[in-house]
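See structure below.
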Amino acid sequence: MASRIRLEDRECPLSTTVQHVGEWWTLLILHDAFDGYTRFDQFQESLGISSSMLTTRLKTLVEDGLLERRPYQTNPVRHEYVLTELGHSLRPVIVTLAAWGNSRLPAADRSMILVDAHSGQEVEPVVVDARTGRRLDDSDDYVFAAGPAASDAMRSRYAARTASPAEEA
């Protein structure tokens, strides 16, 4: 499959991430995997996806290191698809996307909510800075900056938005 990433975006982590998980079925398959589904027929029944599309998406998820294909039966050989550590690391992203979708709906129209497994109380996920605990949803307080491996074009793009610590002092 040809890359959908524009040449100028190849160093952007958002562009490269979307290439791996931005496809409609990928997010839904991962959601099912977080809910404990591992077998082809479970994914197919849950999603109503064609066999060929599911085969393609599962193969890509395995190639990308998000799922591991393991045999669970020998005669005939059958495989299950288990989340890898890399796959598990996407759970906060999926949870946050679902919460964002729910936040646009009246409470009575939400078909799925996130709850504390012990108390059953609904929770509201937010993305925060691990060091300070501050919410990251304010685009005036938190901006992207060029990283150590940034090209000249990337450095130029972000130079005007951020000041170096030496400039702020």
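The values are calculated or read from the model by the stated rules, or taken from the named source; none is laboratory data. No experiment lies behind these values; they were computed from the predicted model shown. Positions of Cβ are backbone-derived with ideal geometry, glycine not excepted, and every protein chain shown enters the neighbour counts. Only protein heavy atoms, including side chains, enter the accessible area calculation; ligands, DNA and RNA are left aside. Shrake-Rupley method; radii C 1.70, N 1.55, O 1.52, S 1.80 Å.
Structure summary
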quantity	calculated
Search result, residues across the stretch 17-34 that are loosely packed, with under 12 Cβ neighbours inside 10 Å and modelled with pLDDT of 95 or more	none
Within the stretch 54-169, helices (runs of 4 or more DSSP H) holding 2 or more residues that are surrounded by 11 or more Cβ atoms within 10 Å (Cβ to Cβ) and not β-branched (V, I, T)	85-88, 91-103, 152-159
Close pairs (8 angstrom Cβ cut-off, 6 or more residues apart or separate chains): among the aliphatic types (A, V, I, L, M) in the stretch 46-60, outside any helix (DSSP H, G or I) anywhere	L58/L67; L58/R69; L58/Y81
Failed item, numbered, when L14 is tested on (1) closer than 30 Å to A150 by Cα; (2) surrounded by 15 or more Cβ atoms within 10 Å (Cβ to Cβ)	(2)
Residue pairs meeting the criteria (Cβ under 8 Å; at least 6 apart or on separate chains; first without any contact (Cβ under 8 Å) to a residue 60 or more places away in the chain, in the stretch 138-155; second open to solvent by 100 Å² or more (accessible area, probe 1.4 Å) and part of a loop (DSSP other than H, G, I, E, B))	D141/R134; V143/R161; F144/R161; A145/R161
Check on D41, out of contact with any strand residue (DSSP E or B) (no Cβ under 7 Å at 6 or more places or on another chain), among the charged types (D, E, K, R), surrounded by fewer than 16 Cβ atoms within 10 Å (Cβ to Cβ) and part of a helix (DSSP H, G or I)	yes
